[in-house]
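Here is the structure we will look at, set down as structure tokens.
The values are calculated or read from the model by the stated rules, or taken from the named source; none is laboratory data. Note that this is a predicted model, so its numbers are computed, not measured. Positions of Cβ are backbone-derived with ideal geometry, glycine not excepted, and every protein chain shown enters the neighbour counts. Side chains are part of the model used for accessible areas, which takes the heavy atoms of the whole protein and leaves out ligands, DNA and RNA. Shrake-Rupley method; radii C 1.70, N 1.55, O 1.52, S 1.80 Å.
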Amino acid sequence: MADPSSYRPKPGQIPDSPGVYKFRDEHRRVIYVGKAKSLRPRLSSYFQDLANLHPRTRTMVTTAASVEWTVVSTEVEALQLEYSWIKEFDPRFNVKYRDDKSYPSLAVTLNEEFPRVQVMRGPKKKGVRYFGPYGHAWAIRETVDLMLRVFPVRTCSAGVFKNAVRTGRPCLLGYIGKCSAPCVGRVTPDEHRELAEQFCDFMAGRTGQYLKRIEREMHEAAEDMEYEKAARLRDDIGALRRALEKNAVVFNDATDADLIALAEDELEAAVQIFHVRGGRVRGQRGWVTDKVEAVDTAGLVEHALQQLYGEEQGDAVPKEVLVPAMPEDAPAVSQWLAARRGSNVSLRIPQRGDKKDLMATVQRNAQQALVLHKTKRASDLTTRSRALEEIAEALGLDSAPLRIECFDISHLQGDDVVASMVVFEDGLPRKSEYRRFQIKTFEGQDDVRSMHEVLTRRFRRYLQEKEKTGEWIQENGAGEVPAEPDPAMEDDGRPKRFAYPPQLVVVDGGQPQVAAAQRALDELGIDDVAVCGLAKRLEEVWVPGEDDPVVLPRSSEGLYLLQRVRDTAHDFAIRYQRTKRAKRFRAGPLDDVPGLGETRKLALIKHFGSVKKLRSATIDQICEVPGIGRKTAETVAAFLAQAAPAAPAVNTATGEIIEDDEDTAAVAPAVSPPERGQQV
């Protein structure tokens, strides 16, 4: 635990102007990012008597080892820079809202020649029009199915579309009238794009003009006694109205707004957002967060706005944003939102009428989301804290192990031996710091030796990183200390490979694996990292140098966390081992050609059709393949001339020799063998 007075800036050093500040820990990792209208009073507030600080703030300032700041000209710039740094450094003491699920959206790919309507998840792409998000993917498909009667836009994948172009036959939707079949030329690209834009207009809330137009066409068809056409148009109107009924009307004035509500307690907060477009609720989403910093409702609202609109532009930011409390710098936030939209954005608290009533509904949803989240054991901050304390008590540690790393070995009867490293911080997985290893120093099945190699490589890298930043300096033979490290080599606060040590290393196994891990640390001179092992059979916890295991109660939260860490490492190792094994099974004769990557390998196979034909080609013929130069062609020809062709395959049922063009091994997908015999 650091003393904040040891890194407190001197009086007069902190400027009295807007800015953004960063707290770093002893490893130069950024642990907190904040902004202020005036840096001087804000930073000074962190260095008062620890007893007067909020418990979370006190934990942050005692974890930190330094503070630095950047001056900006306006509060809007400070807001934008704070958001950018939070996304870049992922500080552990900042509030970070995370989706409780990946919400699907209805997307129209206007960036393609023939736009496609589909369900999309994940980050938004440029040139794609999004509607939603929706609670369920099936809700999107039902809406699309109804609207394709009127707007028969393409919904097929690229593979299906290309196959239809090649064969000249449309898919089933083209035959039943739910696709205009641009793949076979029934409509031109311009006509199909116009259909897609009309689809987007209808989804955006401009529904009246299309319903009136279709009604007019229906009456005209009836007057002309084209009753079949009139009946079809009548059914189209019904389909559009049913699609509209799926989105509840909440405002009669075609309002475009987002409503944000919060439910919070001392430890956590849940946020819910309703997206209203054209007076109808078009989507809903929600997040839950641990309140790792001392923040009030206004601060949570500001963080939610950053999370929601930090990557958005244009119409994705609505004209009106309704919130339960105004942020501290409300004018700056409004100006920032207006800059992202390109026009004015109204940020306010609803006071009466339909908007206040809908805000109450959003608030109830937020409260229910928080209650539901509390039932999820792994996300309960209190439970995680108790688990870490139980582990520290059982293993005799000085403090709770806030960073735990777990290692596991995986192989299949001694082949494709790999290892995994997973990281848990504050009891939660930190997937960005997971690592995978291939065993390099020997072949065969030896879990103990493999564990020793992996721990040695991991912590040798850690010592190298410390040496770069000057945290760890090894004396040379004369007892002299090397020169100061280059400042350019210092850590910039971004997550680094193997740069941060754990408080606890967990290995999957018993006494032999634990002894190997401890021996690796001893050989490197590392004495401040605890080691334990978790054996699967009886779930016993083994520690170095002890003949008897530590037995935690089956109902222990500490044992549950160790099991979760161990199982995560186990699954991660097995996935890597299977991937490596599958790659070996589908290896072809071109895989070992020096300097030949996957793209050019596929280009060669596509051009010649098979490795057998490529083997018989001349250097000049190989040079005709796009991207293949003469030097590469000579290398390919020489390598294939030296490599022996594969033996012919035999049909075991008939005894017939099958002509094998060798392209199967080069390009075919892998077929994994049975999982029987999997060893870890």
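In table form, for the structure just shown:
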read-out	value
Potential extension, Ala316-Lys356 segment - 0.36 nm per residue separation minus Cα distance	12.1 nm
Whole-percent carbon and sulfur share, accessible surface of segment 1-109, 1.4 Å	48
Potential lengthening between Thr382 and Ile349 on full extension [0.36 nm per residue; Cα-Cα distance subtracted]	8.6 nm
Two-site FRET efficiency, Ala325 against Thr62, from Cβ-Cβ distance with R₀ of 30 Å, rounded to 0.05	0.50
Cα gyration tensor category, rounded, prolate or oblate, for segment 1-93 with a/c compared to 1.5	oblate
Span from the segment 28-47 Cα centroid across to the segment 502-552 one, whole angstrom	40
Added length on full extension, which subtracts the Cα-Cα distance from 0.36 nm per residue, Arg166 to Ile214	13.8 nm
FRET E, pair Val184, Gln438, Förster distance 60 Å, beta-carbon r, rounded to 0.05	0.75
Per residue accessible area of segment 540-583, 1.4 Å probe, in Å²	50
Solvent-accessible area per residue for segment 265-319 (1.4 angstrom probe, square angstrom)	30
Efficiency of FRET between Arg615 and Ser157 - r from beta-carbon atoms, R0 30 angstrom, step 0.05	0.30
Neighbour-limited loop hits for chymotrypsin sites (Phe, Trp or Tyr not before Pro), segment 1-100 (at most 16 other Cβ within 10 Å; DSSP other than H, G, I, E, B)	Tyr7
Debye, to nearest 20: dipole size of segment 253-347, +1 on Lys, Arg Cβ, -1 on Asp, Glu Cβ	620
Pair Ile176, Ser17: separation of 7 Å Cα→Cβ label points (nm)	6.6
